[in-house]
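Please treat every number below as a calculation from the coordinates, not as lab data. Because the structure is a prediction, the values reported are computed rather than measured. Cβ: placed from backbone, ideal geometry, glycine included. Neighbour counts: every protein chain shown.
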Amino acid sequence: MYKVAIIGCGRISHKIAEGIAKNNDRMELVALCDPIKEKMFETEKTYNKKIKKEDSILKYKDYKDMLKQNKIDIAIISTESGYHEEIGLYCLENGINVIIEKPLAMSIEGAQKLVDTAKKNNLKLAASHQNRFNYPVQLLKKAIKENRLGKIFNGMARILWTRDDNYYLQAPWRGTWALDGGTLMNQCIHNIDLINWMMDDEIEIVYSQTSNYIRNIEAEDYGVIIIRYKSGKIATIEGSAIIYPKNLEETLTVTGEKGTVVIGGMAVNKINTWRVEGDNEEEYLYIDCGDPNSVYGYGHEALYKDFLDALDENREPLVNGRAGLEAVKIILAAYKSQKTGLPIKFDELKNFSTLDMSYKNIRY
């Protein structure tokens, strides 16, 4: 039975608590950490409701105190993004396996440090890109690995959502360069991870254009990324937080010489198109996991199960630290492209941080 602590009890912590509860044959939530006590009580309530108990969970304001006073096997970090690196490194340096909610870190150097420290200390590190575990996404990845789509040409990820000013006012760190980044880093990173996983190739160049049209934040509320891979594949990403009047779509598209697949739904949980040579499309269009109760989707339970299996089998998790690093690096390459106005050679991007974007976005 692995002892688990949640560090950061914001709104995602309820999904985390549910994911832990659904794996309660192998993991137990024993400690919570957040500077706001009420948030810890709400997270505790979610967990206890799922496991049908009323146990009191240890609560701390300081994560270092919590880790010093308890034997913790796995720390799940869901604080403001700007603190992920510091807390993750402390856990890894003290013998604790780590799962980090997106993004892994706010700089390439920081994400690389996390990966290197986990390897050095023989610990497991995962980035919480839970949508990889959605059944339609798994079906698409399997079809690509089996070469059923033939040669892959391109892919597209679209995240067309709305986040009004109240969303940013609820948590003033959102949309800041120091602690968050903009739409690409906050809203789009999951689909960026998915499209890159599907392309499964070395990146050559990243080019991006972003803008801040109407949201009162430091970072962008709209952005487009073009990724060219060394094999010639091209991926495009469009991310928006300004769709009127509500969320429109989150879609993942992959096209190849023998197939075109589009996955949509609230959290890439539904097959919209499955035109693959030799397959009956009608059979696939019935595959709909149903819209989840939030954009966080269903994947936390499966991601945690895979992490536990990785610990038991001494293998890498499906979404390991390197996968988290790659997603962060793509976004930071996009930010550097926006700042310089130039395509960025991926291999030559040594370090870049959201803090390097400390300038006013152009408004139109």
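Over all distinct Cα-Cα pairs of the range 73-133, the Kirkwood formula returns a hydrodynamic radius of 11.2 Å. Partner lysines whose Cα lies under 18 Å from the Cα of LYS71, excluding those fewer than 8 positions away in the same chain, are identified as LYS3, LYS59, LYS61, LYS124. Exactly which chymotrypsin sites (Phe, Trp or Tyr not before Pro) in the range 232-326 are in a DSSP loop and have at most 16 other Cβ atoms within 10 Å? Within the range 232-326, the qualifying chymotrypsin sites (Phe, Trp or Tyr not before Pro) (loop, at most 16 other Cβ atoms within 10 Å) are TYR286. Each peptide in 317-325, 95-103 gets a packing score, the mean of other Cβ atoms within 10 Å over its residues, and the list from highest to lowest is 95-103, 317-325. Restricting the range 122-160 to trypsin sites (Lys or Arg not before Pro) that sit in a DSSP loop and have at most 12 other Cβ atoms within 10 Å of their own Cβ leaves LYS151. Rounded to the nearest 20, the Cβ-based charge dipole of the chain about its Cα centre (Lys and Arg +1, Asp and Glu -1) stands at 360 debye. Relative contact order for the range 133-275: 34 percent, from Cα pairs under 8 Å spaced at least 6 residues apart, divided by residue count.
For the range 209-364, the normalised intensity computed at q = 0.14, 0.16, 0.21 Å⁻¹ comes to -1.03, -1.25, -1.35 (log10 of I(q)/I(0), Debye sum over alpha carbons, equal scatterers, no solvent). Ordering 226-238, 175-187 by mean Cβ neighbour count within 10 Å, with the highest value first, yields 175-187, 226-238. Using C-alpha pairs below 8 Å separated by at least 6 residues, the relative contact order for the chain is 19 percent.
Only helices enter the 222 nm calculation for the chain: every DSSP H run of n ≥ 4 contributes -39,500 (n - 2.57), and dividing by all residues gives -10000 deg cm²/dmol, rounded to 500.
In terms of other Cβ atoms within 10 Å, ASP34, ASP306 run from fewest to most in the order ASP306, ASP34.
Residue exposure proxy: THR255, THR340, ordered by other Cβ atoms within 10 angstrom of their Cβ from fewest to most, comes out as THR340, THR255.
Structural descriptor for the range 202-252: relative contact order 31 percent, calculated from alpha carbon pairs under 8 angstrom and at least 6 residues apart. Expressed in units of 2.2 N^0.38 Å, where N is the residue count, the Cα radius of gyration of the range 1-125 is 1.00. In order along the range 70-81, the phi-based Karplus estimate (6.51 cos²θ - 1.76 cosθ + 1.60, θ = phi - 60°) of 3J(HN,Hα) comes to 9, 8, 10, 8, 9, 10, 9, 9, 9, 7, 3, 4 Hz; Gly and Pro are listed as x.
When the Gaussian network model of the chain links Cα atoms closer than 10 Å, the mean-square fluctuations of ASN280, ASN147, ASN131 top out at ASN280. Applying both filters, DSSP loop and at most 11 other Cβ atoms within 10 Å, to the GluC sites (Glu not before Pro) of the range 13-56 gives GLU54. With the highest mean first, a sort of the peptides 59-70, 79-90 on other beta-carbon atoms found within 10 angstrom per residue produces 79-90, 59-70.
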